[in-house]
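The values are calculated or read from the model by the stated rules, or taken from the named source; none is laboratory data. What you are looking at is a predicted structure, and each value in this text was computed from that prediction instead of being measured. Every residue, glycine among them, receives a Cβ derived from its backbone with ideal geometry; neighbour counts consider all protein chains shown. Calculation scope for accessible area: heavy atoms of the full protein, side chains included, ligands and nucleic acids excluded. Shrake-Rupley method; radii C 1.70, N 1.55, O 1.52, S 1.80 Å.
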Amino acid sequence: MRIDIVTLFPEVCDAMMHESIIGRAQKNGYIEVNCHQIRDYTTNKQKQVDDYPYGGGHGMIMQAQPIYDCCLDIIDKAQNAGHARPRVIFMTAGGATLTEEKCKELAQLDSILLVCGHYEGVDERVIEALADEEISIGDYVLTGGELAALVVADSVCRLCDGVLSSPEGYEDESYYTGLLEYPQYSRPEIWNDAKVPDVLLSGHHANIKKWRLEQAENRTKSRRPDMYKLYIDKKQKTK
Ligand code: ADE
């Protein structure tokens, strides 16, 4: 999987993508993340990337040309490096909300290109010219698309082969199975007067599995009734 991030803050994105699990996966060659500076593609002396909105209104709008040229260059480079044409995704508050299903779909691809807007938005014409889709990470507005792109990159990368030590690493996780995850405990056995549930110390694998499923179901039912309904509907259909 190759991920390219187009941004005004490549150092910020790069720093995140070189730490911890994702950083290790890059070092081991399972994924490749490249961050690109939009400003490098400006054609004016001041390297200006934004301008006033036509029709008035507050704030500045990111201009189409530098983003367009930057993306075309990356698409070219990715293909020359033997990758498929990247799926081009603009991070916008008005996009479709990110779900684990979408992450699974993106993790099957060979190459994705995430474009981060800033200021009050991006000239619509470059979105129309390039975007395969727009993704939002939730119903709130960020000052820029960088945090959103990092969320997408992180949640997609962890589903790619070799990134986590074993598939169970994500198959048990919240959202993957349609349930929230069961509670987890580590040493010590008693902390702050609170004891680890006995069943987890029993060594009885079938009972542990059963307890974890019950916990996951109860949690989902009380915290996310919308998810629980989908889970029950699916369970009944596959019976
Ligand atoms: N840019 C601004 N807000 C955003 C959001 N919620 N998701 C993705 N990109 C954004």
Please return the longest stretch of the chain lacking exposed loop sites, where chymotrypsin sites (Phe, Trp or Tyr not before Pro) count only if DSSP places them in a loop and at most 14 other Cβ atoms lie within 10 Å.
-> 55-139
Positive-end extreme of charge dipole, the range 151-239 - chosen from Ile208, Leu230, Leu164 (charges on Cβ) = Leu230
Roll a 1.4 Å probe over the protein heavy atoms and report the accessible area of Leu159 in Å², nearest 10.
-> 20 Å²
Lysine pairs in the range 174-238 8 or more apart or on different chains: how many have alpha carbons under 20 angstrom apart?
-> 12
Between the residues Tyr119, Tyr185, Thr42, the Cα farthest towards the positive end of the dipole of the chain, that dipole coming from +1 and -1 charges on the beta-carbon of Lys, Arg, Asp and Glu, is from Tyr185
The rounded separation in angstrom of the Cα centers of the range 29-87 and the range 149-179 is 28 Å
Put one equal scatterer on each alpha carbon of the range 177-239, apply the Debye formula with no solvent term, and list log10 I(q)/I(0) at q = 0.12, 0.21, 0.28 1/Å to two decimals.
-> -0.39, -0.88, -1.13
The range 104-201: Kirkwood hydrodynamic radius (Cα pairs, Å) comes out at 17.1 Å
Go from 0 up to the bin containing the longest alpha carbon distance in the chain, width 10 Å each, and give me the % of pairs per bin.
-> 7, 25, 29, 20, 13, 6, 1
With all protein chains modelled, accessible area of Val163 [1.4 Å, Å²] | 10 Å²
GluC sites (Glu not before Pro) restricted to the range 1-89 and DSSP loop, no more than 12 other C-beta within 10 Å = Glu19
Would you list which lysines come within 29 Å of Lys27, measuring only between C-alpha atoms, while excluding same-chain residues fewer than 8 positions from it?
-> Lys77, Lys102, Lys104
Are there GluC sites (Glu not before Pro) in the range 121-216 that DSSP marks as loop and that have at most 16 other Cβ atoms within 10 Å, and which are they?
-> Glu173, Glu181, Glu189
According to the Cβ-distance criterion of 4.7 Å, cysteines of the chain with no possible disulfide partner are Cys70, Cys71, Cys103, Cys116, Cys157, Cys160
Loop-resident trypsin sites (Lys or Arg not before Pro) in the range 38-125 with no more than 15 other Cβ atoms inside 10 Å, DSSP not H/G/I/E/B, are Lys45, Lys47
